[in-house]
1. By per-residue mean of other Cβ atoms within 10 Å, what is the highest-first order of 110-118, 187-195?
2. Quick check on the range 191-303: take the gyration tensor over C-alpha atoms, sort the square-rooted eigenvalues as a ≥ b ≥ c, and tell me if it's rounded (a/c under 1.5), prolate or oblate.
3. Which of the peptides 286-298, 125-137, 247-259 is most tightly packed, and how do the rest follow, going by the mean number of other Cβ atoms within 10 Å of each residue?
4. Once R0 is set to 41 Å, what does the formula 1/(1 + (r/R0)^6) return for the Cβ-Cβ distance between TYR317 and LYS17, expressed as a FRET efficiency to the nearest 0.05?
5. Any idea how far apart ASP28 and ARG272 come out in nm if each label point goes 7 Å out from Cα toward Cβ?
6. Work out, in µm²/s and without decimals, the Stokes-Einstein translational diffusion coefficient of the range 19-63 at 4 °C, 1.567 mPa s, Rh from Kirkwood over C-alpha pairs.
7. After finding the eigenvalues of the alpha carbon gyration tensor for the range 67-146, what semi-axes result from the square roots of 5 times each, listed largest first in whole Å?
8. In what sequence, highest mean first, do 26-38, 148-160 appear when ranked by Cβ atoms within 10 angstrom?
Amino acid sequence: MENKQVAQPTFSRVMIKGIPYYRTRIKDADGKRVSLYARTEKELVVKLAMARGEIEDARFRKYNPTVAEYTEKWLVMQSAHIQPTTLEGYTYAARKYIIEPLGDMYMSEVTADDIKLAMVSVSKKSEAVYSTVNMLLKSIFYSAEYSNLIEDNPTKKLNAKGGTPKKEKEPLTDAQAKKEPLTDAQAKTLLDTIRGLPPYVFVMIGLYSGLRREEILALQWDCVFLDAPTPYISVRRAWHEESNRPVINTELKTKSARRDVPIPKVLVDCLREEKAKTTSDYVIADSEGQPLSYSQFVRIWNYIKVRSTGERTLYKYVNGQSIKKKVTLELGQKCRNKPSICLYHRFPGNTSPAAPHVYHEPDPRRSGSQNGPAPSRA
């Protein structure tokens, strides 16, 4: 029986910068023509064989991706319509609990048993983690099924309930359950305490307009209308942080979040005074006129926090070892590190960021009082 002779491919010859080359063209996995060059025919034959193998592998992977490849692709597709912080959480959960146990398998090879085995370790985590991974698995495989990459979805009957349940919290006291708003006297104590301190304008806006922290930190002067017949604040932006850096969004979560809030005269006067002495576009800004980062906000909030009573944890180093001790601070007690700070009062049942529990005794050196109408309860 005669051996079949394999036809030797024919190559064209080209000159590149005075050097002769053999050239051939092939189509890649996406159908685009790609040129291959070599100095000799033998070298070009080897390159052609390697290129054809890579193209076949790419075509196979295009329609038969691994779990790791398709999961990364799915995360990129989601980045167009979800917040970066949300995407960061999804990426961590997907890589930790999906790619790590299933990443090397092809999407078409994954069975329901493989999914259940991967969820064993997740079931030992919290209910929130289990719910997130469950959602990611179903979304990824439903997307692959919709794209005709798999015929059967192995996550169809995956149990949505799982994870370690939360520990039951101690029942709230009557004061905590009521969460009563600040009284007029408490609001006055708060404002007298922090007048002249960094959190003053922030607390004023929170008390008299009811804006959330994210709305106050994103507030710019172009949304504060002090000279209108009825002065008001227009909520058009929201603040959040990414890696401790502020990000201002103009897309709010709901339509109702975009609103106009009328403000009383006492807040109008406060904002007018603040606007006269600032050059920043933001009402609450750092020394460079930029919105606050999360750590900057925490430092500002500590002006109020250090003046609170209640239980605190103190650390003392003895022979190089840290000794933790819990103490309960009482009203009228002086702060150990700063004797000028007096723990003046407690406001039970209110944990809102714009109205902390306890405030500093008014400084007698400060003259004048900015008494206005009581904060709105609306």
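None of the figures in this text is laboratory data; all of them are computed from the coordinates on show. Not measured: the values here are computed from a predicted model. Because the Cβ atoms are built from the backbone with ideal geometry, glycine has one as well, and the counts that use them run over all protein chains shown.
1. Descending mean neighbour count gives 187-195, 110-118.
2. Cα axes put the range 191-303 in the oblate bin.
3. Packing order, densest peptide first, comes out as 125-137, 286-298, 247-259.
4. My answer for the efficiency is 0.05.
5. Going by the 7 Å Cα→Cβ label model, 6.6 nm.
6. 117
7. 19, 16, 10
8. Taking the mean over residues of other Cβ atoms within 10 Å, the ranking is 148-160, 26-38.
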